[in-house]
Amino acid sequence: AMAAAHYHLDNLIAIVDFGASNTTFSVLKDMRVIYTRDFSFGGQQLTEEIMRTYGLSMEEAGRAKKEGGLPGNYQGEVLDPFIDDMTQQVSRSLQFYLASGSGREQPEKILVCGGCANIPGVAEVIASRVGIAAEKGDPLGQMKLSSRAKAQAVQRDATALLTACGLALRSFD
């Protein structure tokens, strides 16, 4: 449970894990999941929007999404509206959580995970609009990397590992 110490999980932390087509919003208190909600939203929608807007195949759109090279209007016409949607999903999830029981408190931090967490600046946008500190989730926290693990590859896949780490932490209950 060392990794968790990095986030002081005795506090209230929200984790929003954006998958390809499903997103999970969880709130942890004292390292225990006290609320979780799944809804259909994910990075696939951005890929489909890129396909539609620029007439690309799914493979081309996926590559362009990761590697860049889309026309100059991409940020304003495709990416920003998607980030707006992400932010709205987080905001709505928070409202559902706060309404889900008595004595619900605002989480003090939101960890943004999953593929969409890699969109540059997305955690900052969420933080400024939702009004809660947000950062890109690094589930590895202080876990020591074995020397054999390629640090960069692990770093890139870190957010995908968060869910696995979270599930592993639950077993300490």
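The values are calculated or read from the model by the stated rules, or taken from the named source; none is laboratory data. Computed from a predicted model, the values in this text were never measured in an experiment. Cβ coordinates were reconstructed from backbone atoms using ideal geometry, including for glycine residues, and neighbour counts include every protein chain displayed. Remember, those area values only see protein heavy atoms, side chains included, never the ligands or the DNA or RNA. Shrake-Rupley method; radii C 1.70, N 1.55, O 1.52, S 1.80 Å.
Tabulated data
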item	result
Cα→Cβ-extended label distance, 7 Å offset, between residue 106 and residue 118, nm	3.2 nm
Charge dipole magnitude, Cβ of K and R +1, D and E -1 - the range 1-109, Cα centre, debye nearest 20	300 debye
Ranked order, 104, 129, 63 - accessible area, probe 1.4 Å, largest first	129, 63, 104
Rounded to 5, the percent of DSSP beta bridges in the range 1-116 classed as antiparallel	70 percent
Label-point separation, residue 12 to residue 44 (7 Å along Cα→Cβ), nm	3.3 nm
Accessible area of residue 109 in the full protein assembly, 1.4 Å probe (Å², nearest 10)	60 Å²
Largest to smallest accessible area among 135, 67 [probe 1.4 Å]	67, 135
Listed residue (41, 82, 64) projecting farthest to the positive dipole end of the range 33-126, Cβ model	41
